[in-house]
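The values are calculated or read from the model by the stated rules, or taken from the named source; none is laboratory data. Here the structure is a predicted model, which means the values were calculated and not measured. Counting neighbours? That spans all protein chains shown, and the Cβs are built from the backbone with ideal geometry, glycine included.
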């Protein structure tokens, strides 16, 4: 029974980790940062979890939340509209301006 103890401790530390499947069916871990409402839609802000030794680019992923037929589940879909992505990110930046060091790449 003790063989899973480390896994349980790890899961307690990572309670805001979401595992999604990429386009190749591979599991990818993300840290859930925030849920933002914009234009009557909800968007999740996720930070990819990097493995030890990998470079952390600090870039977030923004996905639109869509309801599914099952009330207990939701689906996340990519957002193609650059304007929407920028507006959602601006809301996120304003909410967390004192917690994160945002770098403009312009």
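Quick notes on this one:
- Verdict on residue 42 being in contact with a strand residue (DSSP E or B) (Cβ under 9 Å, 6 or more places away or on another chain), within 27 Å of residue 86 (Cβ to Cβ) and either part of a helix (DSSP H, G or I) or modelled with pLDDT of 95 or more (or both): yes
- Search result, residues across the range 22-35 that are in contact with a strand residue (DSSP E or B) (Cβ under 8 Å, 6 or more places away or on another chain), surrounded by fewer than 10 Cβ atoms within 10 Å (Cβ to Cβ) and modelled with pLDDT of 85 or more: 27
- Scan of the range 40-50 for residues that are under 15 Å from residue 77 (Cβ atoms) and more than 13 Å from the chain's Cα centre (by Cα), ordered by number: 41
- Taken over the range 1-15, the residue count meeting the criterion of being modelled with pLDDT of 50 or more and surrounded by 10 or more Cβ atoms within 10 Å (Cβ to Cβ) is 1.
- Filter result for residue 101 (over 17 Å from the mean Cα position of the chain (by Cα) and at pLDDT below 90): yes
- Screening the range 72-102 for residues that are assigned to a loop (DSSP other than H, G, I, E, B) and touching a residue at least 24 places away in the same chain (Cβ under 8 Å) and picking the one that is surrounded by the most Cβ atoms within 10 Å (Cβ to Cβ) gives 79.
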